[in-house]
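These notes concern the structure reproduced below.
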Amino acid sequence: MTGEALQISPANDPRGSPAKEQQAAGVGILLQIMMLVLSFVLGHVLRRHKFYYLPEASASLLIGLIVGALANISNTETNIRAWFNFHEEFFFLFLLPPIIFQSGFSLSPKPFFSNFGAIVTFAIFGTFLASMVTGILVYLGGVMYLMYRLPFVECLMFGALISATDPVTVLSIFQELGTDMNLYALVFGESVLNDAMAISLYRTMSLVRSHASSGQNFFMVIVRFLETFVGSMSAGVGVGFISALLFKYAGLDIDNLQNLECCLFVLFPYFSYMLAEGLGLSGIVSILFTGIVMKRYTFSNLSENSQRFVSAFFHLISSLAETFVFIYMGFDIAMEKHSWSHLGFIFFSILFIIVARAANVFSCAYLVNLARPAHRQIPLKHQQALWYSGLRGAMAFALALQSVHDLPEGHGQTIFTATTAIVVLTVLLIGGSTGTMLEALQVVGDAHDGHLGENFEVNNGYAAPYDEGSTSGNKLKMKLKEFRKSAASFTALDKNYLTPFFTSHNGDEEDEEDEDLLPSSRRLSFHGPN
């Protein structure tokens, strides 16, 4: 009886708990807002003083780490701290969709589609290769007793989640210092498609693990992955085309309907994301392609005022979400329980992902250069910049946190701790040296165009028109050349049929808009008055 009486307190009193919970929620949200304000102000100061040793992403993560560490050692109430716990559902359903949509929505079509073959090679084949190399090396490391041993499928799951790159620092420095437009398109395009590929691979490997007893063969795994990826892409493209037709024929671009026009435009991306998730597909892939299609076709059907509003709105929402993700991640890293008993796993994992990233970049660049004449080949220094831009970020962290629930017997905890260490190392240490590294490679600075929106075709030459006179007896080269021709055919199809059908413009007007599109990085890119 005495024990039961001791359990009753004002905090546990049902009549008092709602008010206490509401107060805790208010304090928790207030702290989050304060950290957001501090991050934006600090990022502005760092950018204004051109201090590249602490990039904005690193600063946001560091703020979260510091506040989380202070809350951890203080007597902060549990119900306040609960507001800072990193919930992967909240990340995937609320924070990630606007970030991914803005990535697709802000793509400048001309450099992206000019380098589309290379981007797909790096993001699809390269990410798959990096995932496999990492998983196999981690498994072999366990077999050789160099590190904590995991089952083979779980090693492949780790390889899939850790292959998700987030080159936020590189992209922000590219925007600040200026760089070759094609290099920017490669880094940005790969990072956009890479997240979608990584999460599709992780889910596929998770499915393989859960159905291991059914004897699924490797061929069925590939079929399942393609089914998910192609189905998600088709759903996203379909929703984008439907939105384009709706805004073309509904007659919403008049003054008294602009509010309705903007509301509908904002809802379509979430519709695409939730449709794919509801069908058991990848919402990330779907909303990414919805963003690309809606920018290409739907956007031009809006009134001018609505165009300005939706551009600013998605830029604002994605910037807030990105900043909050890094703060959120830093706070949770400081608060979570980690398994530091397997330091060998962390050390060798870092070495293995460096090797896997090199295998990804240099092998894919070799394949791409096979299909390109000498004046269009990707230079070695650009390949090195691509390799160095493979920082790990929020996507890898969220998937690792999910693996804690997916994997039993502490395996998920080991993967989560290793991923946490890799994210902190790459964002804080490697991110801080990125500016110096890129300047040493001479891919940024005064020698390059300061404005990424200028005509990309004159930059360093490797996006010039394809030279049909270049011949080769190599069958692989011929196949890759055919792919280039098919890309040119798609450009003609888009100009002559798709653009006139889905928009109120003809294909000749599209080029004028592209010159004004500055590719937005997947990080804060508020270039307001300084």
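Cα-based Rg (one decimal) and Dmax (whole number) for the range 310-423, in Å?
When restricted to the Cα atoms of the range 310-423, Rg and Dmax are 18.4, 54 Å.
Between C263 and L441, 0.36 nm times their residue separation minus their Cα-Cα distance comes to what?
Details: separation 178, 0.36 × 178 = 64.08 nm, distance 4.53 nm.
In short, 59.5 nm is gained.
Quick one: grab Rg to one decimal and Dmax as a whole number for the range 318-377, Cα atoms only, in Å.
Looking at the range 318-377, its Cα Rg and Dmax stand at 19.2, 53 Å.
Roughly how many nanometres apart are two label points built 7 Å out from the Cα toward the Cβ at S17 and A69?
That separation, rounded to one decimal, is 3.5 nm.
For the pairs K110/K248; K248/K495; K110/K381; K50/K337, note any where the Cα-Cα span goes beyond 28 Å.
Working: K110/K248 23 Å; K248/K495 17 Å; K110/K381 23 Å; K50/K337 36 Å.
Beyond 28 Å: K50/K337.
Enumerate the whole-percent occupancy of each 10 Å bin, from 0 to the last occupied one, for all C-alpha pair distances of the range 93-234.
With 10 Å bins starting at 0, P(r) equals 11, 35, 32, 17, 5, 0.
How much space per residue, in cubic angstrom, does the convex hull of the C-alpha atoms of the range 292-344 take up? It would help to have the intermediate numbers written out before the result.
Details: hull volume 5.7 nm³, N = 53.
Value for the range 292-344: 107 Å³ per residue.
Label E409 and L380 with points 7 Å out from Cα along Cα→Cβ: what is the distance between them in nm?
Placing both labels 7 Å along Cα→Cβ, they lie 4.6 nm apart.
Out of every Cα pair in the range 234-362, what percent are spaced more than 20 Å from each other?
Distances greater than 20 Å cover 62 percent of the Cα pairs.
Given R₀ = 56 Å, what would the calculated FRET efficiency be for A358 paired with E304, taking r from the Cβ atoms and rounding to 0.05?
Working: r = 47 Å, r/R0 = 0.84.
Calculated value: 0.75.
Each value in this text was obtained by applying a stated rule to the coordinates, not by laboratory testing. Not measured: the values here are computed from a predicted model. Positions of Cβ are generated from backbone atoms using ideal geometry, with glycine treated the same way; all protein chains shown enter the neighbour counts.
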